[in-house]
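Enquirer: Below is one structure. I have some questions about it.
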């Protein structure tokens, strides 16, 4: 190997060590974690995956929110789809790299050191322990028995003892790091392969997912193409005072031939799940009205959402009462309870009619057959959710494991002296009580043996 090649590999090796040292820095991990938290909050506060018109209406340039956050800034930074932006995913990858570096440079060496048998063979070694004592005499066998009762794992070599327990407390941080890496992997996988869609579908209509609002770069295989959803019925339950209590959609999953594969009645907080795609009940509307003029065939007219004074929802349509469309009336309804208001061309209320009833307007009999509702569905697929949930479960387990104290006890019998000492990484008071209890029992055992010896000698002298 030439001198130039050796120098090159030396530079690469030094660069790797420095990079790993920077990634393993706790301060960097804290900064990245705070950044993830801040941007996650922004993704919760700012509506994600909405239309351009929505952001223009809710985040105008004048006045801009906080003086700078307009719809242009929001779209430029990608705050309308935070979790799929390149910079947010980069932060996740960098945080995952930091966790990995910390795990291999700190946690694994700490676990390896904790598992290593380390005997104290000199009395001066006990002086560096926070808790240690010297007895005039003692028995290694008795100490081994007492430590075993306290669930210590005891190792003995000659006149020395090393005992430990709570090694799971050293494994806990590694489990925590692994769980966070799983959560990050699930979040990235979901961002890359998931999608979000919205559909407003009238009752009786079969639809496929088309209105995609937000999707990852690898989301295409998740969008269903070999099955569709049929809206069997949509209805609303009202309270006695006329307010909406709950709205429901009876949905059927059907294949290309129309065969039913699954069926579920959904409402708010009770979605339909099929092949990793979830259908949530989020909105409703009035799709149309079925009317009959005199003895004409029944025909369905679409109803459009209109702006109402003072807010609220109202839907309306135009019904021609002459074949040449020279005259007609307007039908308005605020809900699906079946009451419609009839207005003439001058905007005057001329009648009120309910479903199944008829009224005379412009010389014709107008009969309302039915008001057709439409269900508003939010459709979501996130293949990363199982990984995220598994990661959170493992995280809780790792946190519990991390609270287990890792305690170590050393003992050395040297001539007439018996040295005992120990240390723990947490719950110091409990550990001290445990060691004092062991010492008390060890002392009691020594006195019992001494008394027994006196009795034996007395018996021999008789």
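Enquirer: Taking the condition of being part of a helix (DSSP H, G or I) and under 43 Å from the mean Cα position of the chain (by Cα), how many residues in the range 113-139 meet it?
Expert: Number satisfying all stated conditions: 3.
Enquirer: Just name the residue that is surrounded by the most Cβ atoms within 10 Å (Cβ to Cβ) out of those in the range 213-234 that are at pLDDT below 90 and part of a strand (DSSP E or B).
Expert: Checking each candidate, the answer is 215.
Enquirer: Within the range 21-34, which residues are surrounded by 16 or more Cβ atoms within 10 Å (Cβ to Cβ) and in a helix (DSSP H, G or I)?
Expert: 23, 28, 29, 32
Okay, residues lined up against (1) under 30 Å from residue 156 (Cβ atoms); (2) surrounded by 14 or more Cβ atoms within 10 Å (Cβ to Cβ):
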{"residue": "15", "(1), (2)": "no, no"}
{"residue": "18", "(1), (2)": "no, no"}
{"residue": "37", "(1), (2)": "no, no"}
{"residue": "45", "(1), (2)": "no, no"}
{"residue": "56", "(1), (2)": "no, yes"}
{"residue": "64", "(1), (2)": "no, yes"}
{"residue": "88", "(1), (2)": "no, yes"}
{"residue": "92", "(1), (2)": "no, yes"}
{"residue": "107", "(1), (2)": "yes, yes"}
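Enquirer: Of all residues in the range 281-317, which are surrounded by 14 or more Cβ atoms within 10 Å (Cβ to Cβ) and farther than 17 Å from residue 203 by Cα?
Expert: 292, 293, 313, 314, 316, 317
Enquirer: Are any residues in the range 193-212 within 16 Å of the chain's Cα centre (by Cα) and part of a helix (DSSP H, G or I), and if so, which ones?
Expert: Listed by number, the list is empty, since nothing qualifies.
Enquirer: Any residue at all in the range 222-241 that is under 30 Å from residue 32 (Cβ atoms) and in the same structural domain as residue 274 (by TED's automatic domain parsing)?
Expert: Yes, that holds for at least one residue.
Enquirer: Further question on the same structure: Could you list, in sequence order, the residues of the range 300-327 that are modelled with pLDDT of 80 or more, assigned to a loop (DSSP other than H, G, I, E, B) and within 19 Å of residue 339 (Cβ to Cβ)?
Expert: Of everything in the range 300-327, just one residue is modelled with pLDDT of 80 or more, assigned to a loop (DSSP other than H, G, I, E, B) and within 19 Å of residue 339 (Cβ to Cβ), namely 303.
The values are calculated or read from the model by the stated rules, or taken from the named source; none is laboratory data. Keep in mind it's a predicted model, so treat the numbers as computed, not measured. For neighbour counting, all protein chains shown are included, and Cβ atoms are generated from backbone atoms with ideal geometry for every residue, glycine included.
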